[in-house]
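As structure tokens, the structure follows; a few thoughts come after it.
No lab work stands behind these numbers, since they all come straight from the coordinates. Because the structure is predicted, anything quoted here is derived from the model rather than measured. Virtual Cβ from ideal backbone geometry, glycine too; neighbours counted across all protein chains shown.
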Amino acid sequence: MLKPKLLLADEPSLGLSPNFVDIIFDKLLEINKNGTSILLVEQNAQMALEVCHRGYVFEVGFIALEGKKEILVENERIKQVFLGVKERI
């Protein structure tokens, strides 16, 4: 397709080595910079938050959290549950 308006990507990192995951996400960023919107479904929360503009966190079929990337990466619940960041004592 030439110049699609939307790309749907469902778990593009699934089963890939870390090197190939980096290549895929670099390509997604390039595609987005060229004007194509991307709807990304990804369990690798760290990678998804690095490339997204806006995110939705689903838990048991419901949207638990949503917002701009800058807000989501600072959310304590996301840090603990999805990114494995421990709270400092």
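Structure data summary
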{"read-out": "Whichever lysines have a C-alpha closer than 26 Å to that of Lys5, once near sequence neighbours (fewer than 8 apart) are set aside", "value": "Lys27, Lys33, Lys68, Lys69"}
{"read-out": "222 nm mean residue ellipticity, helices alone, for the chain (DSSP H n ≥ 4; -39,500 (n - 2.57); rounded to 500)", "value": "-10000 deg cm²/dmol"}
{"read-out": "Amide proton proximity set for Gly67, modelled H, under 5 Å, gap of 5+", "value": "Gly55"}
{"read-out": "Net length gained if the chain between Lys68 and Glu11 were fully extended (0.36 nm per residue, minus Cα distance)", "value": "18.5 nm"}
{"read-out": "Dipole magnitude (debye, nearest 20) for the chain, charges at Cβ of Lys, Arg, Asp, Glu", "value": "240"}
{"read-out": "Net length gained if the chain between Gln80 and Asp22 were fully extended (0.36 nm per residue, minus Cα distance)", "value": "18.5 nm"}
{"read-out": "Cα-based helix-to-principal-axis angle, 18-33 vs the chain, degrees rounded to 10", "value": "70"}
